[in-house]
Amino acid sequence: MTSARSLWTADRQLPSSTEPVRFGPLVGRRDDEAMRAFRSYGLGQFIHWGLYSMLGDEWEGRSARGHAPASEWIRQWNPETAPEGWPEVYDALADQFDPQGFDARAWARQAKEMGARYVIFTTKHHDGFALWPSEHSGTTIARSPYPGDIVGEVVGAYQAEGIDVFLYFSVLEWNHPDYVRHVPRTEEERERWARFEQYTRAQLLELLDRYPGVKGLWFDGTWDPSWVAAHEFTHRLEQELRAAAPGLIIGSRFRGDEHGSRHVDSTGALLGDYEQGWERKMPPNLEMLDGHDWDCVMPLPPNGWGHIRDTEGLYLKTGDDLIELLMRARSMNGNLVINVGPDGDGALSAHENRVLAEVGAFARENAAAIYDARHVDLPEPRCGLLTGADDTLYLTVLSVPVTGAARLAVPRDAERVPIAARLLAGGAPLAVTWQDIGYDLDPMTYYDIALPSAGNVEGAFVVEIDLAAPDARARDLMDAAM
């Protein structure tokens, strides 16, 4: 069977077993209002926030970089180098979490300015600390000095700004006494695991009940063999979740089938409403998506989702990086979700604030090329990326060619071709010239769009191109003798 890892590589091959699947997908490709909205989100925000945010990937001046898998995984500090009694020290942070600077409304306003249409918020990470006062756990925001309900404040603030809310939920809990990583082997382990299943079910249904209007659930920590093997339980649980919140969007990471296949079942059918595996990576092309909806979640550092106090030596993605990723995602019908990791007081770093503002400025000026625009079935031009809607193309120019023109390849028999162009921001007209180049055996003809010189633009920009019937057809040329 194809491994889960290979699903996200350029040589991906979906499983193709003919063996019957009892616990496969509950839904096919959806075209309801919720999924149509998902396809037009374009841009989202991810927020990783919790106890780990208080530390910033260090403790008492000692950096955990290189000793823990990521900043939000700092509880898993290598025991050989961790501070003495580290897991207990970390868990005691639940008694100190008191973010006096936290302002959910300010977060939501900033996300609106950034152009985000949805947010994914960490209700509970792998450390088990719930940011809502769950009735099913003693490790929640209610244990801390903070007097409010963090999840409730975030949901309310973002919904008030018209931003849809998805709740991140980790199944895995490092410190839960009933959690079992492997498939339970003994009666005692089976009893523990059964209790953990019911605990997880209760928390998920509690979230949907407490926060009506939530649009989706984003799952994490579902890779351990115990959860993968719980296919009958998770199949029933998905039915319950969908019944509790009609229209709920569930990613492909939630569960597996009885043959151990995750994200897709063993026949290749998607397990969920969209592909959730594009984490820190992009599909190389549209074809490998097999028609599935998808989003790409992306942190600013190489791999750190929670707050990192000292980022020296780390490459932090720039606004230009994120704009290119956004438009590449849109060119393949996906959404880009940009992650931020506020500190323990709820503040973003100067770099986070800067790049979100840069992305927001681009999104405001070029909204038509982002939100309702989709993949265009034309070759990708060397200078940038294409999206389109109806009889309009949008070319996001990432670099101005030395010729000063963007060259678009169009089938020689196309019924609609470029006839006029302008800058999307400001509307300055740009000349369009048909170039019947005459490459041998070439099924395409070409249109050049004169671009502003590199010195007259700053960063990526979008050209809006009108399509209409051609004034002339490419000539039939004699094939070259071979």
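Looking at ALA409, ALA373, can you tell me which residue is among the aliphatic types (A, V, I, L, M) and closer than 16 Å to MET332 by Cα? Please lay out each step first, then the result.
On the way: ALA409 fails: closer than 16 Å to MET332 by Cα.
Every option except ALA373 fails the conditions.
If only residues of the range 239-262 that are surrounded by 22 or more Cβ atoms within 10 Å (Cβ to Cβ) and under 21 Å from the mean Cα position of the chain (by Cα) are counted, the one that is farthest from PHE166 (Cα to Cα) is GLY256.
Out of all the residues in the range 440-469, which are without any contact (Cβ under 8 Å) to a residue 40 or more places away in the chain and exposed (fewer than 12 other Cβ atoms within 10 Å of the Cβ)?
Taking the range 440-469 and keeping what is without any contact (Cβ under 8 Å) to a residue 40 or more places away in the chain, we get 441-443, 445-446, 455-456, 458.
Correct list: LEU441, PRO443, GLY455, ASN456, GLU458.
Contact map, the range 229-242: first residue assigned by TED's automatic domain parsing to the domain that holds TRP193, second residue assigned to a helix (DSSP H, G or I) and of a type outside the set (Gly, Ala, Ser), Cβ cut-off under 6 Å, separation 6 or more or different chains; pairs are PHE233/GLU197; LEU237/ARG201. Can you confirm whether the range 92-102 contains a residue that is under 30 Å from ARG364 (Cβ atoms), touching a residue at least 40 places away in the same chain (Cβ under 8 Å), among the charged types (D, E, K, R) and not in a loop (DSSP other than H, G, I, E, B)? No.
For GLU352, all conditions in the list (1) touching a residue at least 12 places away in the same chain (Cβ under 8 Å); (2) outside any helix (DSSP H, G or I); (3) more than 28 Å from ALA405 (Cβ to Cβ); (4) of a type outside the set (Val, Ile, Thr) hold save one; what is the number of the exception? Failing condition for GLU352: (2). For the range 28-56, a residue qualifies if it is surrounded by 15 or more Cβ atoms within 10 Å (Cβ to Cβ) and either at pLDDT below 95 or part of a loop (DSSP other than H, G, I, E, B) (or both), and the qualifying residues are ARG30, GLY42, HIS48, TRP49, GLY50, LEU55, GLY56.
Tell me, please, whether a residue that is assigned to a loop (DSSP other than H, G, I, E, B), among the acidic types (Asp, Glu) and surrounded by fewer than 17 Cβ atoms within 10 Å (Cβ to Cβ) can be found in the range 113-134. No, because not a single residue in the range 113-134 is assigned to a loop (DSSP other than H, G, I, E, B), among the acidic types (Asp, Glu) and surrounded by fewer than 17 Cβ atoms within 10 Å (Cβ to Cβ).
Taking only the range 221-236 into account, find how many residues are over 19 Å from SER266 (Cα atoms) and crowded, with 19+ Cβ neighbours inside 10 Å.
Filtering the range 221-236 down to residues over 19 Å from SER266 (Cα atoms) leaves 221.
Okay, now just the ones that are also crowded, with 19+ Cβ neighbours inside 10 Å, so none.
Number of matching residues: 0.
The values are calculated or read from the model by the stated rules, or taken from the named source; none is laboratory data. Everything numeric here is computed off the predicted structure, so don't read it as measured data. Positions of Cβ are generated from backbone atoms using ideal geometry, with glycine treated the same way; all protein chains shown enter the neighbour counts.
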